[in-house]
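Only one structure is covered here, and it is reproduced in the block below.
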Amino acid sequence: MMNFDDVRDILNAEWIAGQRQIGRAITGVVASDLMSDLLTLGRPGCLVLTSLASDQAVRTADLVGAAGVVVVNGKPLPTSMAELAEQLELPLLRTSMRMFEACCALWQAGVRSA
């Protein structure tokens, strides 16, 4: 099973918040910028890939019981997003990879859809 230490390495991502949860297991991946899709497709333990750089992504991930969030495209993240993720103890990472590239890299590493 994959954890956030693995994800960080695979996606060449940087920690933004929730680093104490580095060993949290990931059961699958959901990639979407529409939080309504995440509400429908998200499963407990899933990793959320999104380019939505807002508190809404963290709140929605927490609501579905996601393991954490990775923001793609190297977008700058608001301080409030990092603070909320830290408060919720939800791992938040950022990668410069595009959504497609990140999905492909995780697929090659053995992670499947949630």
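The values are calculated or read from the model by the stated rules, or taken from the named source; none is laboratory data. Note that the structure is a prediction, hence the values are computed from the model and not measured. Because the Cβ atoms are built from the backbone with ideal geometry, glycine has one as well, and the counts that use them run over all protein chains shown.
Please go through the stretch 1-22 and give me each residue that is over 10 Å from P91 (Cα atoms), over 11 Å from the mean Cα position of the chain (by Cα) and not in a helix (DSSP H, G or I), ordered by number.
Within the stretch 1-22, M1, M2, N3, N12, E14 meet the criteria.
Looking at the stretch 78-91, which of its residues are closer than 22 Å to G42 by Cα and out of contact with any Phe, Trp or Tyr (no Cβ under 8 Å at 6 or more places or on another chain)?
Within the stretch 78-91, the first condition is being closer than 22 Å to G42 by Cα, and the residues that meet it are 81-82, 84-91.
If the condition is that a residue be closer than 22 Å to G42 by Cα and out of contact with any Phe, Trp or Tyr (no Cβ under 8 Å at 6 or more places or on another chain), then M81, A82, L84, A85, E86, Q87, L88, E89, L90 are the ones that fit.
Please specify each residue of the stretch 52-93 satisfying the condition of being touching a helix residue (DSSP H, G or I) at 6+ places or on another chain (Cβ under 8 Å), in a helix (DSSP H, G or I), aliphatic (A, V, I, L, M) and farther than 17 Å from T27 by Cβ.
Answer for the stretch 52-93, where residues must be touching a helix residue (DSSP H, G or I) at 6+ places or on another chain (Cβ under 8 Å), in a helix (DSSP H, G or I), aliphatic (A, V, I, L, M) and farther than 17 Å from T27 by Cβ: A57, V58, M81, L84, A85.
How many of the residues in the stretch 53-67 are at negative phi and touching a Lys or Arg at 6+ places or on another chain (Cβ under 9 Å)? So that I can check it myself, show each step before the final result.
Going residue by residue through the stretch 53-67, those that are at negative phi are 53-64, 66-67.
Still in the list and also touching a Lys or Arg at 6+ places or on another chain (Cβ under 9 Å): 53, 64, 66-67.
Of the residues in that region, 4 qualify.
Do the conditions hold for A57, that is, is it surrounded by fewer than 21 Cβ atoms within 10 Å (Cβ to Cβ) and at pLDDT 95 or above?
Values: surrounded by fewer than 21 Cβ atoms within 10 Å (Cβ to Cβ): no; at pLDDT 95 or above: yes.
In short, no.
From L49, L38, grab the single residue that is outside any helix (DSSP H, G or I) and crowded, with 20+ Cβ neighbours inside 10 Å. Talk me through it step by step, then tell me what you get.
Values: L38 fails: outside any helix (DSSP H, G or I).
The match here is L49.
Which of (1) closer than 18 Å to F100 by Cα; (2) crowded, with 18+ Cβ neighbours inside 10 Å; (3) within 11 Å of the chain's Cα centre (by Cα) does A66 not meet, given it meets every other one?
Just one mismatch for A66, condition (1).
Condition check: in contact (Cβ under 8 Å) with a residue 12 or more places away in the chain and on the phi > 0 side of the Ramachandran plot. Does G23 satisfy that?
Values: in contact (Cβ under 8 Å) with a residue 12 or more places away in the chain: yes; on the phi > 0 side of the Ramachandran plot: no.
No: the conditions fail for G23.
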